[in-house]
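K.L.:
Structure in structure tokens, see below.
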């Protein structure tokens, strides 16, 4: 999945380290390994790999993670459709947001 990335600097993902309890749910549910645990707290290690699916924010018990105001719409559908286009060799609708 390292070759499938969105636009650098486009992800609207924030982490409130003070609110983080270090449960590791974000690390577990993130499909792109955006997070890691460091010193018993979550840390964003690859922001540009975020497709804003919202899994991390949905599963954070302290609401320490904010993805975007559209409840995870982000550009996940754009990324998935671009993958399908590459596999099929023809263009599909890019974003359905």
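The values are calculated or read from the model by the stated rules, or taken from the named source; none is laboratory data. In this text, all values refer to a predicted model and were calculated from it rather than measured experimentally. Reconstructed Cβ throughout: ideal geometry from the backbone, glycine too, with neighbour counts over all protein chains shown.
K.L.:
I'd like the residue in the range 22-38 that is crowded, with 16+ Cβ neighbours inside 10 Å and in a helix (DSSP H, G or I) and, out of all such residues, is farthest from the chain's Cα centre (by Cα).
P.N.:
25
K.L.:
Return yes or no: is residue 56 within 11 Å of the chain's Cα centre (by Cα) and modelled with pLDDT under 85?
P.N.:
No: the conditions fail for residue 56.
K.L.:
Within the range 70-87, identify whether any single residue is at pLDDT below 70, assigned to a loop (DSSP other than H, G, I, E, B) and loosely packed, with under 15 Cβ neighbours inside 10 Å, and answer yes or no.
P.N.:
Within the range 70-87 (the criterion being at pLDDT below 70, assigned to a loop (DSSP other than H, G, I, E, B) and loosely packed, with under 15 Cβ neighbours inside 10 Å), the answer is yes, since at least one residue qualifies.
K.L.:
In this structure, does residue 61 turn out to be loosely packed, with under 15 Cβ neighbours inside 10 Å, under 19 Å from residue 8 (Cα atoms) and in contact (Cβ under 8 Å) with a residue 24 or more places away in the chain?
P.N.:
Spelling it out, it is not the case that residue 61 is loosely packed, with under 15 Cβ neighbours inside 10 Å, under 19 Å from residue 8 (Cα atoms) and in contact (Cβ under 8 Å) with a residue 24 or more places away in the chain.
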